[in-house]
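**Q** My questions all concern the structure below.
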Amino acid sequence: MELHLEELLGKITDFMKTEANAETVIGEEFQLGEFKCVPVIKVGMGFGSGGGEGSESKEKKGEGMGAGAGVGIEPLGFLVTRGSEISFIEAGKAHGLSAAFERIPDIIEKIAESRNKEAVAN
C-alpha cells in the first residue's frame, strides 16, 4: 500500500484555490452607494500522515498508513473603500457577519450626509 503524499497535497491545494476563498464563504464584493465592500476571510489548514510496517514471521506481515487534513475558514469582515478612503469593518467573533451588516445603516447614513453636504454646497 503506497501513500502518495505529493498527489494528496496537490489535490488539497487545488481544492483550496477553488473553494477556500471569500466568494464561496461570504460572497462576492458588492457596491453600496459610493462604497465598495470586499469580504475578507482567514484560512488555516493542517496536515498529518503516518505509516508503518511490521513482520512477526514470514507468514504474518502487516503494514498501515494514514493521512488527515483539516481546513478552517473564518469570515473576518469587509474592506470598505470610498474614493481614496479605506476602512475595515470587523465581523466580530461574538456576532459573526451580523456585526458587519449592523454597520450598513451607518454607511448609508454617511452616504446621505455626504450627498446633503454636496447639495448644500451646490
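Rule-based calculations on the coordinates, nothing more; no lab input. From a predicted model like this one, the values you see are computed outputs, not experimental measurements.
**Q** Collect residues whose amide H, placed 1.01 Å from N in the peptide plane, falls under 5 Å from the amide H of Ala91; neighbours closer than 5 in sequence don't count.
**A** Gly77, Phe78
**Q** Report, ordered by chain and residue number, the lysines lying within cross-link reach of Lys42, taken as a straight Cα distance under 18 Å and ignoring same-chain residues fewer than 8 apart.
**A** Answer for Lys42, where 18 Å is the Cα cut-off: Lys17, Lys93, listed by chain and number.
**Q** Full-extension gain between Lys36 and Ser49, please, as 0.36 nm times their residue separation minus the C-alpha to C-alpha distance.
**A** Full extension from Lys36 to Ser49 adds 0.4 nm.
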